[in-house]
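Contents: one structure, followed by commentary.
Quick note: the coordinates plus some simple rules give every number you see, no bench work behind them. Here the structure is a predicted model, which means the values were calculated and not measured. Positions of Cβ are generated from backbone atoms using ideal geometry, with glycine treated the same way; all protein chains shown enter the neighbour counts.
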Protein chains: 2
Amino acid sequence: MKVIRTITELRRELSLMRKKQAIHSEETIVGLVPTMGYLHQGHASLMKAAREQSHIVVLSIFVNPIQFGPNEDFESYPRDEQRDLETARAEGVDIVFIPSVEEMYPQPTQTTIAVSGITERLCGASRPGHFNGVTTVVSKLFNIVQPQKAFFGMKDAQQVAVIEQMVHDLNMPVDIIPCPIVREQDGLALSSRNVYLSAELRQEALVLSQALRAAQESVEIGTAVTAKDIRRLLHEHIGKSAHAVIDYAEIQAFPSLEPLADQEELNAYDDLLIALAVKFGKTRLIDNIRIQKMEVLSHV
Amino acid sequence: MKVIRTITELRRELSLMRKKQAIHSEETIVGLVPTMGYLHQGHASLMKAAREQSHIVVLSIFVNPIQFGPNEDFESYPRDEQRDLETARAEGVDIVFIPSVEEMYPQPTQTTIAVSGITERLCGASRPGHFNGVTTVVSKLFNIVQPQKAFFGMKDAQQVAVIEQMVHDLNMPVDIIPCPIVREQDGLALSSRNVYLSAELRQEALVLSQALRAAQESVEIGTAVTAKDIRRLLHEHIGKSAHAVIDYAEIQAFPSLEPLADQEELNAYDDLLIALAVKFGKTRLIDNIRIQKMEVLSHV
């Protein structure tokens with residue numbers, strides 16, 4: 001496994017690897033897993049998917065300053081390079097790209113990629129400029145690595161939707177592969193930010209996955225019929241935590257993220273996303289669940 | 001020469017051509033010449049440069065609606081596909097890509113690329129949103145064609161500066177090759193929009209190149225010392241045309257396009273751009289000249 005810190009060296013190494021691979025296969029698939037590091041089993045699942053679907057796997061680790069707001073946790077975001085490299089090695093990654101902020105932004109970027117519409121809701125409403133920072137850095141990584149496939153976790157479902165929209169609109173030659181959320185045994189969605197939680201808040205944070213599971217069940221058994229039913233149910237469950245402060249608890253169409261009005265009936269939609277952002281103390285956690293309508297198979 | 005109208009077919013054809021070329025050369029250079037068609041000898045000079053520097057030359061012809069303002073000439077912009085194809089064939093182009101608006105924008109784009117700073121002056125000030133339309137479509141074309149080199153005319157000097165900034169900021173894997181302005185014998189810079197001019201206005205429009213040449217000479221012989229001298233001189237020359245209405249007549253550093261204050265001395269700069277935008281009737285023409293400081297060679 002190579003650990004590379006500059007764009008020039010990464011391009012040179014990838015060019016060599018691609019040429020070697022071209023001897024063995026008709027087409028060379030480079031798989032990119034973009035991360036901010038402090039890797040957990042959610043990231044490991046992305047690397048596993050990349051390893052299965054690509055000839056060359058590149059993991060990038062970069063805490064991207066321009067996607068953090070002025071009062072957010074850029075400085076304190078957890079970092080552990082040595083442990084990250086061990087995780088990457090265990091997952092069979094070929095190249096770990098760990099650029100410095102100066103390498104990625106030798107001058108402040110004058111160029112920004114903005115996706116309108118779907119970025120204005122949910123996390124976009126609470127974190128102005130966040131998604132412009134994400135799309136800009138992801139597009140830089142795509143241009144540097146030139147991957148055929150890029151792997152993203154569905155925990156950031158809105159991020160997946162935004163990146164898919166960008167790739168579609170700008171004809172980027174890359175397939176976006178969304179991978180399922182990975183959870184602890186007790187249901188907590190894995191996140192690098194979980195490390196911020198005290199034992200007490202860690203326990204209270206279980207209301208997120210519980211609320212989502214309850215909402216899903218209510219849709220399936222038919223006790224929740226409208227968007228209002230879901231909103232009420234989410235607020236009830238999250239309200240069980242004394243410290244939870246809801247940023248949003250929403251239901252919308254996926255991937256458009258068009259919000260559903262209270263009276264809208266859920267069975268009119270084939271693909272819904274229930275998404276939460278909740279603060280426990282200073283720690284803002286997100287979680288979500290997708291509800292896709294199954295084809296009803298008629299057994300004659 | 002292949003004439004291709006869809007993105008899927010273009011990608012397939014380029015992939016085949018790249019594979020064929022890989023047998024003969026270590027690296028395959030694809031050269032892209034992005035145009036809006038109605039080709040003249042200025043465009044031909046770009047195709048010649050591309051032919052000299054690339055294995056595969058792609059010419060794109062696309063009148064991009066999103067770079068035109070609501071009161072601009074998108075609908076009436078001159079088009080002549082048959083003549084364009086003849087020009088392309090004569091210049092040895094391999095692929096002409098002529099997509100429809102629906103092919104490039106199956107839905108209105110939600111994604112926009114914006115370059116701040118250098119887009120706010122000159123044409124950016126007169127044509128709000130114009131450069132966002134340019135950077136967005138150029139980035140689409142780069143993603144579709146994946147060229148190693150892209151050729152742009154210096155007549156749109158600000159466009160070149162904006163695209164170079166975008167390529168730099170987003171790490172796009174393409175070299176931008178700026179090519180010199182091509183002029184008629186009497187000095188008029190070639191432009192597809194020259195066709196709009198009556199014989200009388202066509203004659204009056206010569207003040208543009210005359211003003212630029214006079215400004216250059218005054219800098220060289222030392223009669224123009226400050227930015228104010230240049231501005232006065234440009235206004236004097238252009239004022240000789242009864243119909244000319246100046247949009248801007250400016251001098252700035254290149255490629256930053258930082259404006260020079262009136263009292264600034266020209267010899268403090270290594271690379272200056274004198275740029276004009278002037279309306280003759282309904283027709284807005286642009287022209288420019290670059291003044292680069294020569295290294296003084298000492299002959300011992």
Other copies of A:Q107: label-to-label distances in nm, shortest first, labels 7 Å along the beta-carbon direction: 3.6
- prompt: Which of the listed residues, A:P173, B:A242, A:Y196, is farthest toward the dipole's positive end in the protein assembly as shown, when Lys, Arg count +1 and Asp, Glu count -1 at the beta-carbon?
  reply: A:P173
- prompt: How far is helix A:157-169 tilted off the main Cα axis of chain A, in degrees rounded to 10, range 0 to 90?
  reply: 60 degrees
Folded to 0 to 90 degrees: helix B:41-53 orientation relative to chain B principal axis, Cα: 60 degrees
message: For the stretch B:81-132, which GluC sites (Glu not before Pro) pass both filters: DSSP loop (anything but H, G, I, E, B) and at most 13 other C-beta atoms within 10 Å?
response: B:E120
message: Assume the label is 7 Å from Cα along Cα to beta carbon: what separations in nm does A:R12 have to the matching positions in the other copies?
response: 4.0
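Assigning unit charges at the beta carbon (Lys, Arg +1; Asp, Glu -1) and nothing else, what dipole magnitude in debye, to the nearest 20, does the stretch B:193-290 show about its Cα centre? Kindly include the intermediate steps, with their values, before the conclusion.
On the way: 11 positive and 15 negative charges, 126 e Å.
About 600 debye.
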- prompt: Among the residues of chain A, which one places its Cβ closest to the rotation axis that maps chain A onto chain B, and what is that distance in whole Å?
  reply: A:I113, 3
Kirkwood-Stokes translational diffusion coefficient of the stretch A:38-91, alpha-carbon pairs, 37 °C, 0.692 mPa s, µm²/s: 260 µm²/s
message: Just want the ordering: A:H243, A:H130, from fewest to most Cβ atoms lying within 10 Å of their own Cβ.
response: A:H243, A:H130
- request: Determine the distance separating the Cα centre of the stretch B:1-53 from the Cα centre of the stretch A:159-180; give it in Å without decimals.
  value: 27 Å
- prompt: Using a simple charge model, +1 on the beta-carbon of Lys and Arg, -1 on the beta-carbon of Asp and Glu, nothing else, what dipole does the stretch B:65-122 show about its Cα centre, in debye to the nearest 20?
  reply: 200 debye
- prompt: For the charge dipole of the protein assembly as shown, defined by +1 on Lys and Arg C-beta atoms and -1 on Asp and Glu C-beta atoms about the Cα centroid, which residue among A:G222, B:V96, B:G187 has the Cα displaced farthest towards the positive pole?
  reply: B:V96
query: Binning every alpha carbon pair distance of the stretch B:233-287 at 5 Å from zero, what are the percents per bin?
result: 4, 18, 26, 20, 15, 12, 4, 1
- prompt: Say a label goes 7 Å from Cα toward Cβ at B:Q203 in every copy; what distances in nm does this one have to the rest, shortest first?
  reply: 9.4
query: Straight-line reach from A:K240: which lysines have a Cα under 18 Å away, not including same-chain ones fewer than 8 places off?
result: A:K279
- request: Using Cα pairs closer than 8 Å and at least 6 residues apart in sequence, work out the relative contact order for chain A, in percent.
  value: 16 percent
field: Global form of the stretch A:2-179, assessed from the alpha-carbon gyration tensor, a/c cut-off 1.5
entry: prolate
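Compactness ratio of the stretch B:193-290: Cα Rg over 2.2 N^0.38 Å, N = residue count? Each step should come with its number before you reach the end.
Details: Rg = 13.5 Å, N = 98, 2.2 N^0.38 = 12.6 Å.
Here the Cα radius of gyration is 1.08 times the empirical estimate.
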- prompt: If you take every DSSP beta bridge whose two residues both sit in chain A, what share of them, in percent to the nearest 5, is antiparallel?
  reply: 55 percent
- request: Note down the nm distance, to one decimal, between modelled labels 7 Å out along Cα→Cβ at B:H168 and at B:Q110.
  value: 3.2 nm
- request: Might you report the magnitude of the Cβ-based charge dipole of the stretch A:77-154 about its Cα centre, with Lys and Arg at +1 and Asp and Glu at -1, to the nearest 20 debye?
  value: 320 debye
- request: Could you tell me what % of all Cα pairs in the protein assembly as shown have separations over 38 Å?
  value: 43 percent
task: Treating cross-link reach as a plain straight distance, find the aspartates and glutamates whose alpha-carbon is under 15 Å from the alpha-carbon of B:K293, omitting any fewer than eight places away in the same chain.
output: B:E217, B:E220, B:E265, B:D270, B:D271
query: Where the centroid of each part is defined by its Cα atoms, how far is the stretch A:68-129 from the stretch A:201-225 in Å?
result: 30 Å
field: Nitroxide proxy distance, nm - points 7 Å out along Cα→Cβ at A:T6 and A:K20
entry: 2.1 nm
- prompt: Mind checking which lysines have their C-alpha under 26 Å from A:K48, skipping anything on the same chain fewer than 8 residues away?
  reply: A:K2, A:K19, A:K20, A:K140, A:K149, A:K155
Taking only Cα atoms of chain B, radius of gyration then Dmax in Å: 20.1, 66
- prompt: Relative to the longest principal axis of chain A, what angle (0 to 90°, nearest 10) does the C-alpha long axis of helix A:227-238 take?
  reply: 80 degrees
- request: For the stretch B:186-259, calculate the relative contact order in percent as a whole number, restricting contacts to Cα pairs under 8 Å that are 6 or more residues apart.
  value: 28 percent
